[in-house]
Amino acid sequence: MAFVVELDPGAEDNGLANMLATMMRQNVEDHPERVDIAKKMRGRMAIFAEDAEVSISIDFEGERVLFRDGIVGVPDLTIRGGFEQIGDLSRMEQVGAVPDPRGPVNRALFAAMREGKLRVHGLPRALPLLLGFGDVMHVA
Amino acid sequence: MSIKFPSPEWTQAFADAVNANAGYREAGKGWTHGKVAYVLKADPRIGTTEDMAMVLDLHQGQCRGATYVPATEAQSSDFVIVAEYPRWKEVLSGEVDPTKAMMQNKLKLEKGHLPTIVKFVVASKELVKSATAIQTDFPAV
């Protein structure tokens, strides 16, 4: 079955959902090997860009990824932070499959986590979801 | 003297401001992805009866040219970003960050490769910073 990235009808006016769904579609077109990563991901992830006052949920269902408006149900993984940090998540520098601690974007994100500006809930159980999301959305 | 927005004069001033911005020169030096069109939806309150576009020909940290044209003539641009006048005013005056505006659905990428925009997010911010350097007459609506 083909892999599809869909926007829930209620998410059409959510800019963050539109952005991330478009990014995911274009990234898997550019890097077809990432389809396999996305297909293996299971669970619900929520992202809340607090200063932009926008939140989304992303359901990873194997053949389908569904972007929804707002935080729906109890997510397996929740990322809360400023819009800058949320935007930088796809610009994390990687060495192979792991984040490069020397990269300037990563250093800024780690500092934001230490300062409480970026918070990730659901770890370590949802670590595979977080790492998979990073791999699929990576743009650098 | 303030320059009226939107207008051909303002668009040229934008190009000049981009070329005067050392931050953009550095952040945009890897940009080889073509023209960017900023489309303003028609708004009779500011005298635009059709959608208009400011098209910037960006290349390796420089703006090689800029035109103010009907949006229909800007569709061949590699990137097309669309918004209503009040939203452009917020972004180009520095009140609202462009990434935040996209997350809030105030700016919409109608055409173009979003991962490339995200990769050049610092350059995008510097473009907007260039615009804030222009003494602009934003019509009140």
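The values are calculated or read from the model by the stated rules, or taken from the named source; none is laboratory data. Bear in mind the structure is a predicted one, so any value in this text is a computation, not a measurement. Cβ sites come from the backbone with ideal geometry, for glycine too, and all protein chains shown count toward neighbours. Surface accessibility is based on the protein's heavy atoms, side chains included, excluding ligands, DNA and RNA. Shrake-Rupley method; radii C 1.70, N 1.55, O 1.52, S 1.80 Å.
Total residues in the stretch B:90-116 satisfying the condition of being without any contact (Cβ under 8 Å) to a residue 24 or more places away in the chain and either open to solvent by less than 40 Å² (accessible area, probe 1.4 Å) or in a helix (DSSP H, G or I) (or both): the figure is 9.
Quick check on the stretch B:101-111. Is at least one of its residues away from chain A (no Cβ under 14 Å) and among the charged types (D, E, K, R)? Within the stretch B:101-111, none of the residues are away from chain A (no Cβ under 14 Å) and among the charged types (D, E, K, R). Just the residues that are within 14 Å of chain B (Cβ to nearest Cβ) and in a strand (DSSP E or B), please, taken from the stretch A:35-59. If the condition is that a residue be within 14 Å of chain B (Cβ to nearest Cβ) and in a strand (DSSP E or B), then A:Ile47, A:Phe48, A:Ala49, A:Val54, A:Ser55, A:Ile56 are the ones that fit. The requirement of being in contact with a Ser or Thr (Cβ under 6 Å, 6 or more places away or on another chain), surrounded by 13 or more Cβ atoms within 10 Å (Cβ to Cβ) and under 17 Å from B:Ser124 (Cβ atoms) is fulfilled nowhere in the stretch B:38-46; no residue meets it. Return the residues of the stretch A:60-88 that are more than 13 Å from chain B (Cβ to nearest Cβ), in contact with a Lys or Arg (Cβ under 6 Å, 6 or more places away or on another chain) and under 28 Å from A:Arg114 (Cα atoms); say none if nothing qualifies. Across the stretch A:60-88, the qualifying residues are A:Pro75, A:Asp76, A:Arg80.
Of all residues in the stretch B:47-59 being touching a helix residue (DSSP H, G or I) at 6+ places or on another chain (Cβ under 9 Å) and open to solvent by 10 Å² or more (accessible area, probe 1.4 Å), which is nearest to the other protein chains (Cβ to nearest Cβ)?
Only one residue fits best here, namely B:Asp51.
At pLDDT 95 or above, farther than 10 Å from B:Tyr68 by Cβ, open to solvent by 10 Å² or more (accessible area, probe 1.4 Å) and within 12 Å of the chain's Cα centre (by Cα): is that true of B:Lys35 in this structure? So B:Lys35 fits the description; yes.
Of all residues in the stretch A:49-59, those that are open to solvent by 50 Å² or more (accessible area, probe 1.4 Å) and in contact (Cβ under 8 Å) with a residue 12 or more places away in the chain total 2.
Among the candidates B:Arg87, B:Arg64, the residue that is within 14 Å of chain A (Cβ to nearest Cβ), out of contact with any Pro (no Cβ under 9 Å at 6 or more places or on another chain) and either closer than 25 Å to A:Asp88 by Cβ or outside any loop (DSSP other than H, G, I, E, B) (or both) is uniquely B:Arg87. Can you work out which of the residues in the stretch A:83-113 that are polar (S, T, N, Q) and within 13 Å of A:Met137 (Cβ to Cβ) is modelled with the highest pLDDT? Only one residue fits best here, namely A:Ser90. Across the stretch A:60-82, the number of residues qualifying as assigned to a strand (DSSP E or B) and open to solvent by 40 Å² or more (accessible area, probe 1.4 Å) comes to 5.
Report, by residue number, each residue of the stretch B:118-141 that is within 14 Å of chain A (Cβ to nearest Cβ) and either over 13 Å from the mean Cα position of the chain (by Cα) or at positive phi (or both). Across the stretch B:118-141, the qualifying residues are B:Val118, B:Lys119, B:Phe120, B:Val121, B:Val122.
Summed over the stretch B:58-101, residues that are of a type in the set (Phe, Trp, Tyr) and within 18 Å of B:Val121 (Cβ to Cβ) total 1.
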